Structures are given as structure tokens and as C-alpha cells.
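**Q** Pasting in a structure now, in C-alpha cells, and then I'll have a few things to ask.
The values are calculated or read from the model by the stated rules, or taken from the named source; none is laboratory data. Quick caveat: nothing in here was measured; it's all calculated off a predicted structure. Because the Cβ atoms are built from the backbone with ideal geometry, glycine has one as well, and the counts that use them run over all protein chains shown. Areas reflect the complete protein model, heavy atoms only, side chains present, ligands, DNA and RNA absent. Shrake-Rupley method; radii C 1.70, N 1.55, O 1.52, S 1.80 Å.
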Amino acid sequence: MLKALQQLGAWGINLTRSAGRLGLFLLSLLPALPYAIWRVSLLVKQTFNVGTLSLPIIMTAGLFVGMVLGLQGYNVLVDYNSEEAVGTMTALSLLRELGPVVAALLFVGRAGSALTAEIGLMRSTEQLSALEMMAVDPLKFIYAPRFMAVLITLPLLTLIFIALGIWGGWLVAVGWLGVDDGAFWSQMHAHVDWREDVVNGMIKSVAFALLIAVVALFQGSETAPTSEGVSYATTRTVVHGSLGVLGLDFILTALMFN
Amino acid sequence: MRTLIDVDNLTFSRGARRIFDGLSLTIREGQITAIMGPSGTGKTTLLKLIAGQLTPDSGRILFDGQDVHALRRGELFRLRQRMGMLFQSGALLTDLNVFDNVAFPLREHTKLPEVLIEKLVLMKLQAVGLRGARHLMASELSGGMARRVALARAIAMDPEVVMYDEPFVGQDPITMGVLLKLIQRLNESLGLTSIVVSHDVQEVMSIAHYVYVISEGRVVAEGAAEEVAQSEQPYVRQFLNGLPDGPVPFHYPAPAYAEELGLC
Amino acid sequence: MGKQAKIEIGVGILVLFSIISLFVIAMKVSNFADMAQDRPTYTLKAHFDNIGGLKVRAPVKLSGVVIGRVASIGVDKSNYRALVTMKIDKAYQLPLDTSASILTSGLLGDQYIGLEPGGDDQYLADEDEIEMTQSALVLENLIGQLMVKLTDSGDKQ
């Protein structure tokens, strides 16, 4: 009994400690962020690493998710004689939920884990110390460009994911199952609202990007300088990042769409 | 001779472990100062304290009269441009090639035209004998070559002090000879002040002007290399001659052997 | 091709794809283009006994053509009736005796406001109210009325 209480206490103290370190990390990172915009070449390089290199997985996944939505939507809607609504259904599910969430989950696994591992290895090989010794601030030179790159690329990837998803839905519904092309688009156009659906979906995506950037970089900065340390930190980025995205999605959905 | 770095009554702990307990030493300008001690005595920590990467619990470190740990971030970064550090692993930036690694501090801190930077980098690479390896990636280098590139990088900004963190660990005899020669030659030709942290007794003794031996967080012996070599202190004798037993016991503290085996 | 050039081309591809996607989503998928036109509108009000399932931003149609949107829905505290305000495209001037009814597109579709112009030669101005309104058909009431009628005709026989 006492032992359990002690464990609970230790857990609480640890949690508070990490929260404190996270706060300090963010506090010191914040003033370094404008530097990322000033040094465009660093930002471009990171945008390539986290963005362009994630393109194939995002595009493939978007296409398949859209095709599945088209197929499932058609099977349900055809019973009510309203299979033209399959376009609306595909577009709305992608814009409001699946686009931002699935793209963010894929992004955590592809880019977030890579960022954590990279920074963790830089720490364990003393590269960050070396930068400090050369009077170059790693916050400005390493962290800031990566943070901004995540913040910029995830919303862009989400847009691409959604567009390809809708195209996938169209391929299945119109190309394969014979839904009328005109009805598919006009129904969608009539029911999808720019502010309500598109803008809200993109706000979600930006929020997820912030969360992933913070988790991935913080875990990188906390990595123990051993090989287990790096693998442990990478796993934590994926777990915390994914769960965080899903939790945050619920909160945002409750705030936006009720 | 002028004192460049003055470490005064330094205390530093990591967790419950006290690493330095009233450590005092001075580094004189233009000399090669060796700081020796067995592994785990916090020699690397000392260099990081001097560079202001770590903050001591008490005591101070004066660099050319300035208290390193009282400086603000910007001032500290300016001070670090007067120091160069050679890390144990080299710590080259792995996504850059040899040339760009050496050019890195120049590009970050100066607005020199690229033509001039190229000349400077080639000069530094020539000094360490790796002008021909400029296009290799950091990951393609052997440990000794990586250390030489890192040395070229450390002197790129023409610092006043170069700190060497265990430069000889894990090197073959030839590379060791090369590194020794380099440290000595750079110190003379560039008028550097060098701090060498190491436990390779013979090598360091052969080039150092002044030697500190530290143990248990404080200086146990100091003096010119020859004086320290003649020291009669049991600890110094054990360390210099590599005796397995002595003031530093062979056995990690444990209950009596016979007792633990249940023989009495 | 240099490494830097490769990186720049890669980022270019990412940005290009995003712009195409954004364009498709804005123009073809959502109603951004309709909003972006942002034609000048004027406001009309109408009281209804029951608005059924009418929602904000529902279309306001004249002979089936969308000429405006519902801007807000509330309850008029003075008479406890639903107060709906609509934004109508300035290009369409409506006679004073126009009537408004809440209709449903298809059997299970969304509800919208249908306008029926009268013959007056005066036009409704900004902030005017449409006097003649017909509430939404509520299925329960409809069935109730049907039952009454059926029993009535049964009695007569």
C-alpha cells in the first residue's frame, strides 16, 4: 500500500519534472524561431527532409484512403438511392477528420521519429556540444529550422493527402462504380463549406504540426546518449505524438463542429 | 608568463556524485598544459566547465580576467570564439564533407568572401595534412583522420586556446605520433595555449610544459613534466607507472572476501 | 546536378503539389469561389412558426435558383416566433408581397428557404421583413392531420 503510494508520488514528481523541462525548452526555443526564417537555406533543407521525403507515403496513403471511402460510401448510400452523395461523404470525411489525422499520424512515424533520432544521435556524438563550442547556438541552427519545417510541411502534406483522397474516391465511384460524374462534383460543391470544413480542417493540421514539432524535438533533446537511448526516444516520439494527435483531435472537433 | 585561465576553488557535482571538490589550477599563455587523471575523474567535465557549457556549484573560472559563468549568453558566445575544442569523437557535422566542416565556423562567424574562405580552409587542412581529403564525407573518415579534421576546424577561427579532450584514445601508434607532432607544432607556430586532457602518460609527458594530476576532485600533483615524473607521492607513482594496486585499490569497495564466501 | 539543386527541386515539387491541391479544394470541392466573389448583398428578415431543420448558411432559392443564404436564426423574444435573417444578392430585387416558405430538397434532403415573388411594384429594401411565411412541414403534424382527415371521411360514409 505504502509502496504503491510511493510509486504514485515518484511518477507525479517525474511528470512534473518533465513538464518543467519541456516548459524551459519551449521558452528557450521560442526566441530562436525567427532565426529559421532568416536562414532560408537551412529551412529549405529541413523542408526537403521532413516534407519532400514524406511525399510518397502521404500520396499513396491518401489515394488508398480515398478509394476505400468511395467504396464503403457507395455500398452504404446505394441502398438509399443517393449514391451521388458519395463525393460529399468522401470530401467531408477527408477534410474534417481523416485528412488532418491520418496525415499527422503518418508524419509522426515518418518524419517525427527521424527528427528525434537525428537530434539524439547528434547529441550522443557531441555534435551539439561542438556547435556550442564553435559559438553556434544549436537552438537556432538545429532546432529552429526543424521546428519551422514541421510547422510548414504538415499542413501542405495534409492538403495533398486530401486532394489525392478525393481523387481516389472519384476513381472508385465514378470510374469504377458508375456514379454520375456531374452529380458527384456538384453535390460535393454544394455541401462542402470553405470556412466550416476546409479552414477548420487546416486549423487542426496546424495544431497537430505544432504538437509533433514540440514532441519530436523535445524527445530528441532529452535523448540519453546511448543506442538504447536513441531507440527509446524515437519510440516515445511515435507513441506520444500519435496519442497526442488523437487526443487533440477530439478536443478540436468538440470545439469546432458542435 | 601571463595566466590565461584561472580555475579557482571549483566545486561541481553530478547528482549525488561530487566530481570536483575545491579544484584550483592555472593555465599559462603559450604553454601546453596537461591535465591527467584516471578515467572518470571528470577531465572532460572540466573542459566543459571552462567553456561555460556547464555551470559549477561554487567557485569560478576566469578566462583572461572574465568570469566565464557570470557572462550573458551573447558574451559567452563571443568568448567561445577565442577557444577551440577538439572532442574525443571528433564531433564533425555528419551531413557535411571535410571542407564544409572546416569552413563551417568561418561561414558562421565571418562575412569573408567564399574565395578567401576556400584559401583559409585549405591552409588549415594543409596544416593537418588532409588537404587531399577535402571532398570526403565525415562518415568516410577513420577515427584518426576525423580527429585531424576536427583539429583543423578547431583552429579555423585562429583561437587563443585549444582544448584537447582525450586526443590519443584508441589511436594506433602512427596516428598518435601525428597528433602529438600536430599539437606541439600548432602550439609553437600559432602561439596557441593548449590544454590537453588525457590519461596517456608517456605521450602527454613528452610534450607538456606543465602537468596537473587530478584525483578525487582535486589536484594531487603539479609541476613541470620532469618534476611530476620524479614525484614520490604514492598516488602519482601508481598512476604514472600503471600499477594495478596502490592508493587506488584493485578491488571495488566490498565486504571482506572471506566473510562473503562464508569461510569464517 | 548539385545536392543543393536537388533539394530545391524537391521542395519546389512539394510546394507545387500543395498549391494544386489547395486550388482544387478551394475551387472544385468547396464553395470558396462563390464566397470569394463576395457580391454585395442586402438583408431580409422573416418570422416563422417553425423552422424545422433549417440551418445557418442554408440556401435561399427563387424558382430553384440560389440567390442568397440564411445569415442567422434566432427567436424573437416579443412573440416567441423564429426569426430568420437572410443575405440576398443585390442583383435580385424582390416585390414587397414576396412570400417565403421552408422547403425540403428531395424526400430526406436539406431544408432551404423558397421565395415566391408577388405582383407589387414596390421592392423590399435592406432590413425589410417578408410578411407572408409558411413554416416547415413537420412530419409528425402532417401524419396527425392525415389521420384526422381519414377519420373524418370515414365518419361521413
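**Q** Going by what's in this entry, would residue B:185 be described as without any contact (Cβ under 8 Å) to a residue 60 or more places away in the chain, not assigned by the TED database to the domain that holds residue B:43 and not aromatic (Phe, Trp, Tyr)? Let's see the steps before the verdict.
**A** Working: without any contact (Cβ under 8 Å) to a residue 60 or more places away in the chain: yes; not assigned by the TED database to the domain that holds residue B:43: no; not aromatic (Phe, Trp, Tyr): yes.
Against the criterion (without any contact (Cβ under 8 Å) to a residue 60 or more places away in the chain, not assigned by the TED database to the domain that holds residue B:43 and not aromatic (Phe, Trp, Tyr)), residue B:185 does not qualify.
**Q** Just to be sure, is residue B:118 open to solvent by 10 Å² or more (accessible area, probe 1.4 Å) and within 24 Å of residue B:77 (Cα to Cα)? Before the answer, list the steps.
**A** Numbers: open to solvent by 10 Å² or more (accessible area, probe 1.4 Å): yes; within 24 Å of residue B:77 (Cα to Cα): no.
Against the criterion (open to solvent by 10 Å² or more (accessible area, probe 1.4 Å) and within 24 Å of residue B:77 (Cα to Cα)), residue B:118 does not qualify.
**Q** Also, I was wondering about something else. Where in the stretch C:11-91 are the strands (runs of 3 or more DSSP E), entirely inside, with at least 3 residues that are aliphatic (A, V, I, L, M)? Walk me through it before giving the result.
**A** Working: elements: C:41-48, C:59-62, C:65-76, C:81-89.
Qualifying strands (runs of 3 or more DSSP E): C:65-76, C:81-89.
**Q** Keeping to the stretch A:228-258, report how many residues are in a helix (DSSP H, G or I), of a type in the set (Phe, Trp, Tyr) and over 20 Å from residue A:110 (Cα atoms).
**A** So in the stretch A:228-258, the residues in a helix (DSSP H, G or I) come out as A:228-256.
Filter once more, keeping what is of a type in the set (Phe, Trp, Tyr): A:232, A:250.
Then drop every residue that is not over 20 Å from residue A:110 (Cα atoms), which leaves A:250.
Of the residues in that region, 1 qualify.
**Q** Let me ask you something else. Within the set of pairs 6 or more residues apart or between chains, which connect a residue that is assigned by the TED database to the domain that holds residue B:69 and among the hydroxyl-bearing types (Ser, Thr, Tyr) inside the stretch B:9-23 to a residue that is open to solvent by less than 80 Å² (accessible area, probe 1.4 Å) and part of a strand (DSSP E or B) with Cβ atoms less than 8 Å apart?
**A** B:11/B:20; B:11/B:21; B:11/B:22; B:11/B:23; B:11/B:58; B:11/B:59; B:13/B:19
**Q** Of all the residues that make up the stretch B:114-135, how many are among the β-branched types (Val, Ile, Thr) and assigned to a loop (DSSP other than H, G, I, E, B)? Before the answer, list the steps.
**A** Step one: filter the stretch B:114-135 for residues among the β-branched types (Val, Ile, Thr), giving B:115, B:117, B:121, B:128.
Among the residues that remain, those that are also assigned to a loop (DSSP other than H, G, I, E, B) are: B:128.
Qualifying residue count, the stretch B:114-135: 1.
Residue by residue, here is whether (1) open to solvent by less than 50 Å² (accessible area, probe 1.4 Å); (2) in contact (Cβ under 8 Å) with a residue 60 or more places away in the chain; (3) facing chain C (nearest Cβ under 10 Å) holds:
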position	(1), (2), (3)
A:184	yes, yes, no
A:187	no, yes, no
A:194	yes, no, yes
A:198	yes, yes, yes
A:201	yes, yes, yes
A:208	yes, yes, no
A:218	yes, yes, no
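**Q** Could you check residue A:142 against (1) under 26 Å from residue A:210 (Cβ atoms); (2) within 13 Å of chain C (Cβ to nearest Cβ) and say which number it fails?
**A** In the conditions (1) under 26 Å from residue A:210 (Cβ atoms); (2) within 13 Å of chain C (Cβ to nearest Cβ), residue A:142 misses (2) alone.
**Q** Turning to a different aspect of this structure: Return the residue satisfying two criteria in turn: it lies in the stretch C:1-53 and is open to solvent by 50 Å² or more (accessible area, probe 1.4 Å) and of a type in the set (S, T, N, Q), and of such residues it is nearest to the other protein chains (Cβ to nearest Cβ). If you could, list the steps in order and put the result at the bottom.
**A** Quick first cut of the stretch C:1-53, residues open to solvent by 50 Å² or more (accessible area, probe 1.4 Å) only: C:1, C:3-4, C:6, C:8-9, C:13, C:15-17, C:19-20, C:22-24, C:27-28, C:32, C:34-41, C:45, C:49-50.
Filter once more, keeping what is of a type in the set (S, T, N, Q): C:4, C:37, C:41, C:50.
Details: C:4: 8, C:37: 12, C:41: 16, C:50: 23 Å.
Going through the qualifying residues, I end up with C:4.
**Q** If you don't mind, there's one more thing I want to ask. Which one is nearest to the other protein chains (Cβ to nearest Cβ) among residues in the stretch B:76-92 that are surrounded by fewer than 23 Cβ atoms within 10 Å (Cβ to Cβ) and more than 18 Å from residue B:158 (Cα to Cα)?
**A** Filtering first and then ranking leaves B:89.
**Q** Show the residue pairs meeting these rules: Cβ distance below 8 Å; 6+ apart or different chains; first residue within the stretch A:153-172 and within 9 Å of another protein chain (Cβ to nearest Cβ); second residue outside any helix (DSSP H, G or I).
**A** Close Cβ pairs satisfying both conditions: A:153/A:51; A:156/A:51; A:157/A:51.
Residue-by-condition table, conditions (1) among the basic types (Lys, Arg); (2) open to solvent by 30 Å² or more (accessible area, probe 1.4 Å); (3) away from chain C (no Cβ under 14 Å); (4) outside any helix (DSSP H, G or I):
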| residue | (1), (2), (3), (4) |
| --- | --- |
| A:11 | no, yes, yes, no |
| A:26 | no, yes, yes, no |
| A:43 | no, no, no, no |
| A:53 | no, yes, no, no |
| A:60 | no, yes, no, no |
| A:78 | no, yes, yes, no |
| A:88 | no, no, no, no |
